[in-house]
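Reviewing the structure listed below.
The values are calculated or read from the model by the stated rules, or taken from the named source; none is laboratory data. Because the structure is a prediction, the values reported are computed rather than measured. Counting neighbours? That spans all protein chains shown, and the Cβs are built from the backbone with ideal geometry, glycine included.
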Amino acid sequence: MTGTPEHTALWPAPIASGPVDATVTVPGSKSVTNRGLVLAALASEPGWLRRPLRSRDTLLMAEALRAMGTGIEETVSSSSGDDTGGEAWRIIPAGLHGPATVDVGNAGTVMRFLPPVAALADGPIRFDGDPRSHERPLHGVIDGLRALGARIDDEGRGSLPMTVHGSGALDGGRVEIDASSSSQFVSALLLSAPRFNQGVELRHVGRALPSMPHIRMTVDMLRAAGAAVDTPEAGGEPGVWRVAHSALLGRDLVVEPDLSNAQPFLAAALVTGGRVTIPDWPEHTTQPGDALREIFTEMGGSCELTAEGLTFTGTGRVHGIDVDLGDVGELTPGIAAVAALADSESVLRGVAHLRLHETDRLAALTKEINELGGDVSETEDGLRIRPRPLHGGIFHTYDDHRLATAAAVIGLRVQGVEIENVATTAKTLPDFPGLWTEMLSPARAAAPTRKG
């Protein structure tokens, strides 16, 4: 964690007065939207991104690509009975160029996916962002790009701020990186690899890779855009990805709902013994959030996937869980919130890399849940959560959207929880407070009573 946030902009987390019963339409996937934007900007022809997520992270990505010369036209198409109504972005590739300045905010996808794109631009591209972005590791991308022929000025920090001096092309070829702190290092180099003169042969050296579903998402989207990709899962060499030099196709892509952003709403069904339906839940997906079906079922609920979407039903009891979340680390805050309300101990493993996310998520969850009366301790690679009766108090978010949504889940069952800076949820989930309140309205959400 960085610093101690001031007690400002407190949002009283609403109590659920009974089981929730709601249908919640979740906006599009941030991971798919930002990967789709990068691939479309590198394509040889215009493409469409339909139902994109409009949030801080995705708008930062779009503005950064515009600054480097990509045309992005935003339109709203009327629904005509098909599946493509709503917002659509037309992406028009153009010659990438500098000079330009990119504001990454605190978006890992922007700070890591775009330096390889900048290396293909003609001219210098400067990257900077929020103070926390300066603390997040970029060495895997920086070292990898340098080995592939790029010139980068980071004053030896291995982090932001930095300038990529694009020369209009990049040789590419073989490269070794340590991506054990973030799978985004792998995705970053793979996404731009078709435009490298020799493609890329990327070898991961180091500890086990976290968040493998996100790398599989990158590979699937590359292949859909016409790239030839060899992977370890397809019989290739373990820890090695190969992408051939090729043109990328302009696609017409409909973005899936963000399943990780569905987590707090499914958790609401679990902890209140209610029922929540998420429309358009895909039958097959590489999104890590799909693991919630299995994890939350083990914690005491049940789910049904139909053509309309996923319906999750709680039983009124919440059980502890012992689970390795290494592939789905972004789900940890929400699972920790549910575990704090369970009837038995939970152990969340495989997520040491969360110490390098938007904040140190393991330290933050431990501190904030314990200050509400909980009993959470950090382990070498995760958390141990022993449920205790919780009480109200201020839950700090450290500018981390998933801390805020986790606090809202706890607030459903604990009177007097106040969330500091709930607006940080706009990073990936626009108007979370409105969606949350609307979900609770059938259950007649009770506004907490405040003294003083």
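Sort through Gly300, Gly289, Gly274, Gly314 and tell me the only one that's buried (at least 19 other Cβ atoms within 10 Å of the Cβ), assigned by TED's automatic domain parsing to the domain that holds Ala408 and under 29 Å from Leu191 (Cβ atoms). Full working, then the answer.
Values: Gly300 fails: under 29 Å from Leu191 (Cβ atoms); Gly274 fails: under 29 Å from Leu191 (Cβ atoms); Gly314 fails: under 29 Å from Leu191 (Cβ atoms).
Residue meeting the stated conditions: Gly289.
Could you say whether any residue in the range 247-260 is of a type in the set (Asp, Glu), in contact with a Ser or Thr (Cβ under 8 Å, 6 or more places away or on another chain) and on the phi < 0 side of the Ramachandran plot? Show your work before the answer.
Initially, the range 247-260 is screened for residues of a type in the set (Asp, Glu), giving 252, 256, 258.
Those still in the list that are in contact with a Ser or Thr (Cβ under 8 Å, 6 or more places away or on another chain) too: 256, 258.
Restricting the remaining residues to those that are on the phi < 0 side of the Ramachandran plot gives 256, 258.
Yes, the range 247-260 contains at least one residue that is of a type in the set (Asp, Glu), in contact with a Ser or Thr (Cβ under 8 Å, 6 or more places away or on another chain) and on the phi < 0 side of the Ramachandran plot.
Determine which member of the set Pro264, Pro279 is crowded, with 24+ Cβ neighbours inside 10 Å and either modelled with pLDDT of 95 or more or farther than 30 Å from Arg349 by Cα (or both).
Details: Pro279 fails: crowded, with 24+ Cβ neighbours inside 10 Å.
None of the others qualify; the one that does is Pro264.
Just one of Gly250, Gly320 is of a type in the set (Gly, Ala, Ser), in the same structural domain as Trp89 (by TED's automatic domain parsing) and in a loop (DSSP other than H, G, I, E, B); which is it?
Details: Gly320 fails: in the same structural domain as Trp89 (by TED's automatic domain parsing).
None of the other options fit; the residue is Gly250.
Looking at Asp154, Asp171, Asp178, which is the one that is out of contact with any helix residue (DSSP H, G or I) (no Cβ under 8 Å at 6 or more places or on another chain) and not polar (S, T, N, Q)? Working first, answer last.
Working: Asp154 fails: out of contact with any helix residue (DSSP H, G or I) (no Cβ under 8 Å at 6 or more places or on another chain); Asp178 fails: out of contact with any helix residue (DSSP H, G or I) (no Cβ under 8 Å at 6 or more places or on another chain).
Unique residue meeting the criteria: Asp171.
Any chance the range 364-372 includes a residue that's touching a residue at least 40 places away in the same chain (Cβ under 8 Å) and under 30 Å from Asp103 (Cα atoms)? Steps first, please.
Restricting attention to the range 364-372, the residues satisfying the condition of being touching a residue at least 40 places away in the same chain (Cβ under 8 Å) are 364-365, 367, 369, 372.
Checking which are under 30 Å from Asp103 (Cα atoms) leaves us with 364-365.
Within the range 364-372, one or more residues are touching a residue at least 40 places away in the same chain (Cβ under 8 Å) and under 30 Å from Asp103 (Cα atoms).
Can you tell me which residue in the range 317-329 is surrounded by the most Cβ atoms within 10 Å (Cβ to Cβ), limited to those that are under 30 Å from Gln184 (Cβ atoms) and among the charged types (D, E, K, R)?
Taking the range 317-329 and keeping what is under 30 Å from Gln184 (Cβ atoms), we get 321-329.
Subset that is among the charged types (D, E, K, R): 322, 324, 327.
Details: Asp322: 12, Asp324: 13, Asp327: 20.
My answer is Asp327.
Can you tell me which residues in the range 417-452 are at pLDDT 50 or above and among the charged types (D, E, K, R)?
Quick first cut of the range 417-452, residues at pLDDT 50 or above only: 417-442.
Of everything in the range 417-452, those that are at pLDDT 50 or above and among the charged types (D, E, K, R) turn out to be Glu418, Glu420, Lys427, Asp431, Glu438.
With the requirement that a residue be crowded, with 17+ Cβ neighbours inside 10 Å and within 27 Å of the chain's Cα centre (by Cα), what does the range 141-158 give you?
Residues satisfying the conditions are Val141, Ile142, Asp143, Gly144, Leu145, Ile152, Asp154.
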